[in-house]
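Notes follow once the structure below has been shown.
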Amino acid sequence: MMGTLTLAQDPPSDELLSTNPLALLIGMVLDQQIPLEWAFKGPLMLQERIGELDAADIAGRDPEALAKVFAERPALHRYPGSMARRVHELCTRIVEKYDGDPAAVWTTAPTGEQLYKGIRNLPGFGEQKARIFVALLGKQLGVRPRGWQAAAGEYGKAGSYMSVADIVDEPSLGRVRQYKQSKKAAAKAEKAANTEK
């Protein structure tokens, strides 16, 4: 992978995300319902607890034992049990479909659409998260198969500050956070308006 990520806003964590494809995938899976910096610090914390991050090793672990590792203080996530299960499922899929090589998720995709489909089929990746991950790979790590921007949807647009794909420093993190807050406020207002009808 090329490019240095700044998603965790913590140099050792960001170094791991930038050089270890499995760490990046795990960080994306953890990125929900907790601050994104904490989610992306999770892979380094997990590595410190279990040793090298390796898909086959994690897939071969007992899911209940893995959940205990996630729950150790400080917990890797607000929901350590369900996230440990999801990471276990992610690693199992990588072993079964990509022979244990997480980077193969993108290095074997000849088009943006196939890249999106491959990511979408991973446990923990819904439609939106898969499109964001396509955008992150294209914008920051030079993974740009034909049609990647179309596959990323609105997240692939240049100059946007909508997701982790656009975070390159602290100011851009602030702009992404601002965008997300405005989206939440708009959704809340719409829900309130519909309730009044």
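The values are calculated or read from the model by the stated rules, or taken from the named source; none is laboratory data. As the structure is a prediction and not an experimental result, all values here were calculated from the model. Neighbour counts are summed over all protein chains in view; Cβ atoms, including those assigned to glycine, are modelled from backbone coordinates with ideal geometry. Note: accessible area is taken over every heavy atom of the protein model, side chains too, but ligands, DNA and RNA are not part of it. Shrake-Rupley method; radii C 1.70, N 1.55, O 1.52, S 1.80 Å.
Brief remarks on what is shown
- Failed item in (1) open to solvent by 90 Å² or more (accessible area, probe 1.4 Å); (2) closer than 14 Å to R49 by Cβ; (3) part of a loop (DSSP other than H, G, I, E, B), with R78 passing the rest: (2)
- Residues of the stretch 108-160 satisfying the condition of being open to solvent by 20 Å² or more (accessible area, probe 1.4 Å), outside any helix (DSSP H, G or I), hydrophobic (A, V, I, L, M, F, W, C) and modelled with pLDDT of 95 or more: V143
- Filtered by the rule that a residue be open to solvent by 80 Å² or more (accessible area, probe 1.4 Å) and within 17 Å of the chain's Cα centre (by Cα), the stretch 161-179 gives V168, R177.
- Residue in the stretch 131-147 that is among the small types (G, A, S) and touching a strand residue (DSSP E or B) at 6+ places or on another chain (Cβ under 9 Å) present: yes
- Test: residue in the stretch 85-107 that is part of a loop (DSSP other than H, G, I, E, B), under 15 Å from P21 (Cβ atoms), at pLDDT 95 or above and among the small types (G, A, S): yes
- Within the stretch 87-96, the set of residues being farther than 17 Å from M28 by Cβ and either open to solvent by 80 Å² or more (accessible area, probe 1.4 Å) or touching a Ser or Thr at 6+ places or on another chain (Cβ under 8 Å) (or both) comprises E96 only.
- For the stretch 21-45, a tally of residues being within 25 Å of T107 (Cα to Cα) and either of a type in the set (G, A, S) or open to solvent by less than 20 Å² (accessible area, probe 1.4 Å) (or both) returns 13.
Condition check ((1) of a type in the set (A, V, I, L, M, F, W, C); (2) touching a Cys at 6+ places or on another chain (Cβ under 6 Å); (3) within 27 Å of G147 (Cα to Cα)) across all residues:
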residue	(1), (2), (3)
P21	no, no, yes
W38	yes, no, no
M45	yes, no, no
T92	no, no, no
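- When L22, L44 are checked against the criterion of being assigned to a helix (DSSP H, G or I), at pLDDT 95 or above and in contact with a Ser or Thr (Cβ under 8 Å, 6 or more places away or on another chain), L44 stands alone in meeting it.
- Residues in the stretch 162-197 that are of a type in the set (A, V, I, L, M), in a helix (DSSP H, G or I) and within 25 Å of R144 (Cβ to Cβ): V164, A165, L173, V176.
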